[in-house]
Amino acid sequence: VALTAVVAGVARPVAAALDGLLRRLPLADAPDPAFEAGVALARLLGWVDRRTNERIDVSRPGRALLAAEPRAIARLARRLPEGTVVVSGTNGKTTTTNLLALVMAEDGRRPVVNRIGANMAGGIAAVLAAAARFPGRIDGDVGVFEVDELWLERVLPDLAPRVVVLTNLFRDQLDRMGEVDQVADHWDDVFAGSADGPALVVCADDPRLARVGRNGGLVVSFGKQATGAGRSVAADVADCRGCGSPLDVGPTHIGHLGAWRCPSCGAERRTPDVEAVDVEVNDLEGSRFVVTTRAGAEDAAAPVELPLPGRFNVANAVAALAGATVFGIAPHRAAPALAAARTAFGRAERLEVDGRPVVLLLAKNPVGADELVALLAARQAVDLLVVLNDRDIDGRDVSWIWDVDIEALAPVVRTATCSGRRASDAALRLAVAGVPSEVIEVLGPVEGGLARAAARAEGELVVLANYTAMLEVRELVAELGHAPRYWA
Ligand SMILES: [Zn+2]
């Protein structure tokens, strides 16, 4: 332990020095040997960072490398013989990316993946640098990268993806994203489709994506059958992308996703190429469904057992299955691999704190949170820790919590502890929803909140956290020794 502390103490300044050194190297368009040295330095920086035994920024080596050579992503990505898949959209990026990588690996490929959601240029460069091997090689044959919606434009030219998977567009982090329809407009332009462009794998259930791929090229659509369960209160219905008229929507499955039709121009959801039907969701344990394809052969339908909770993950799974078809992996061949799926880091991850079972749920926008509420509301009783932050990456505006149907959850809340920078906002929301004030406690610092919530819980502790809050809780559990570090 003492040695670890000594190493950690030395590692910190060494990492800072390496970071500064790498950033100053004149590697822009440098010859390959010089670039190799820069990549090696980035790898070394990542290695030293991991010795610091503190919360690290996994993207730092990538950002330093990009400062030295802005085209580092392009130079490294082209080493991947089977090219790159990019996954973007509001919800489901991390899980879809991990599921697609799992399917690829089961099929014998070696994917290079940004597994924990470091989805801006620095994170992607860091993952590529970590996989790079001297000279000019890379330990992997296909890249599978989730990319932040707002970073797509900047990394697409460098990644030159073979496939782009677009999951959905929801209202999310409004102050960061701007109007969701502006993003849709932008995607219409960028992903109009062409014979020599990337294959586009697109959600048929989202009318905001209806015009993606309209100019041709390979388009594979995916979706989840909606069965009239009604609309989420958080649904924000888009206007028709074609003519601007209000759409007829329903039945839907998550938010505005589902069946849709334009009464004015006749545009409508078409039966997707790859579709999940007969979906049965079993609490947070997972779901079972049948994946159908329009290929028509004996592989037209295959059963899928998915050990990930909620309908969102069914949509993520079917997105991954659709993406795999571009690589010649038919859904019936890919489906068995999904049974081995593990929840992506912090997404319904099962942990333990002081002997208390804990499930960590990421809730960062109304639609995703509503889906979790619907699952939890079916329980007899729920012991809750809500951690709400308002850092830049979360969005400074946390008013979205008022769009979540907490009222549906209130009757089953047994204990509720609120933490994070906006703990009191969370507590107020619970109280207004009808959670008795005597079961609500507010403890701002996450350390105290987690311990207190675990002590108060009578059953499994359910943690609902937004993005940086989830990272804090996850890292705290690791520091307590109950789980591996997130980069391990
Ligand atoms: Zn229309």
Quick test of your reading of the structure: Trp260 fulfils all but one of (1) part of a strand (DSSP E or B); (2) within 16 Å of the ligand (Cβ to nearest atom); (3) within 17 Å of Val318 (Cα to Cα). Name the failing condition by number. (3)
Test for Asp189: is it surrounded by fewer than 16 Cβ atoms within 10 Å (Cβ to Cβ), charged (D, E, K, R) and modelled with pLDDT of 95 or more: no
Among Asp370, Asp425, Asp390, which is in a loop (DSSP other than H, G, I, E, B), over 30 Å from Gly108 (Cα atoms) and not polar (S, T, N, Q)? Asp390
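Per-residue answers, yes or no, for (1) at pLDDT below 95; (2) among the charged types (D, E, K, R); (3) touching a Phe, Trp or Tyr at 6+ places or on another chain (Cβ under 7 Å):
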| residue | (1), (2), (3) |
| --- | --- |
| Ala378 | yes, no, no |
| Val386 | no, no, no |
| Asp392 | yes, yes, no |
| Trp400 | yes, no, no |
| Leu409 | no, no, no |
| Arg422 | no, yes, no |
| Ala427 | no, no, no |
Hey, can you tell me all the residues within the stretch 238-257 that are of a type outside the set (Val, Ile, Thr) and within 14 Å of the ligand (Cβ to nearest atom)? Ala238, Asp239, Cys240, Arg241, Gly242, Cys243, Gly244, Ser245, Pro246, Leu247, Asp248
Given the criteria crowded, with 22+ Cβ neighbours inside 10 Å and either modelled with pLDDT of 95 or more or assigned to a loop (DSSP other than H, G, I, E, B) (or both), does Ala416 qualify? yes
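Just to check your reading of the model, which residue among Ser221, Ser232 is at pLDDT 95 or above, more than 16 Å from the ligand (Cβ to nearest atom) and of a type outside the set (Val, Ile, Thr)? Working first, answer last.
Numbers: Ser232 fails: at pLDDT 95 or above.
Unique residue meeting the criteria: Ser221.
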When you scan the stretch 1-114 for helices (runs of 4 or more DSSP H) that lie fully inside it, which ones turn up with 2 or more residues that are surrounded by fewer than 18 Cβ atoms within 10 Å (Cβ to Cβ) and modelled with pLDDT under 95? 2-24, 32-51
Pairs only if they're at least six apart or on different chains, beta carbon under 7 angstrom, first in the stretch 281-295 and on the phi > 0 side of the Ramachandran plot and in contact (Cβ under 8 Å) with a residue 12 or more places away in the chain, second surrounded by fewer than 16 Cβ atoms within 10 Å (Cβ to Cβ) and part of a loop (DSSP other than H, G, I, E, B); list them, first residue then second. Asp283/Ala378
Can you tell me which of Gly355, Gly328, Gly323 is small (Gly, Ala, Ser) and closer than 30 Å to Val473 by Cα? Gly355
Residue pairs qualifying under the 6 Å Cβ cut-off, at least six apart or on distinct chains, with the first in the stretch 161-178 being surrounded by 23 or more Cβ atoms within 10 Å (Cβ to Cβ) and the second being basic (Lys, Arg) and at pLDDT 65 or above, are Leu169/Arg208
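This table checks each residue for (1) under 17 Å from Asn168 (Cβ atoms); (2) of a type outside the set (D, E, K, R); (3) more than 20 Å from the chain's Cα centre (by Cα).
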residue	(1), (2), (3)
Gly286	no, yes, no
Phe312	yes, yes, no
Ala315	yes, yes, no
Val318	yes, yes, no
Gly328	no, yes, yes
Pro336	no, yes, yes
Please find, within the stretch 428-476, the residue that is farthest from Ser399 (Cα to Cα) out of those that are among the polar types (S, T, N, Q) and in a helix (DSSP H, G or I). Ser437
Need the failing condition index for Glu371 against (1) among the charged types (D, E, K, R); (2) within 30 Å of Thr252 (Cα to Cα); (3) modelled with pLDDT of 95 or more, just the number. (3)
Of the conditions (1) surrounded by 22 or more Cβ atoms within 10 Å (Cβ to Cβ); (2) in contact with a helix residue (DSSP H, G or I) (Cβ under 7 Å, 6 or more places away or on another chain); (3) not in a helix (DSSP H, G or I), Arg379 fails just one. Which one is it? (1)
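Within the stretch 63-76, how many residues turn out to be under 17 Å from Pro157 (Cα atoms) and of a type outside the set (Lys, Arg)? Quick ask: steps written out before the conclusion?
Just the residues of the stretch 63-76 that are under 17 Å from Pro157 (Cα atoms), to begin with: 66, 69-76.
Applying the additional criterion that residues be of a type outside the set (Lys, Arg) yields 66, 69-70, 72-74, 76.
Within the stretch 63-76, residues that are under 17 Å from Pro157 (Cα atoms) and of a type outside the set (Lys, Arg) number 7.
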Which residue is modelled with the lowest pLDDT, if the candidates are limited to the stretch 242-260 and must be surrounded by 14 or more Cβ atoms within 10 Å (Cβ to Cβ) and closer than 23 Å to Ala192 by Cβ? His256
Return yes when Val290 is away from the ligand (no atom under 16 Å from the Cβ), at pLDDT 95 or above and surrounded by fewer than 20 Cβ atoms within 10 Å (Cβ to Cβ) and no when it is not. yes
Would you check which residues across the stretch 263-286 are within 16 Å of the ligand (Cβ to nearest atom) and of a type in the set (Gly, Ala, Ser) and list them? Ser264, Gly266, Ala267
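The values are calculated or read from the model by the stated rules, or taken from the named source; none is laboratory data. Keep in mind that what you see is a predicted model, and the values were worked out from it rather than measured. Cβ atoms come from the backbone with ideal geometry, glycine included; neighbour counts cover every protein chain shown.
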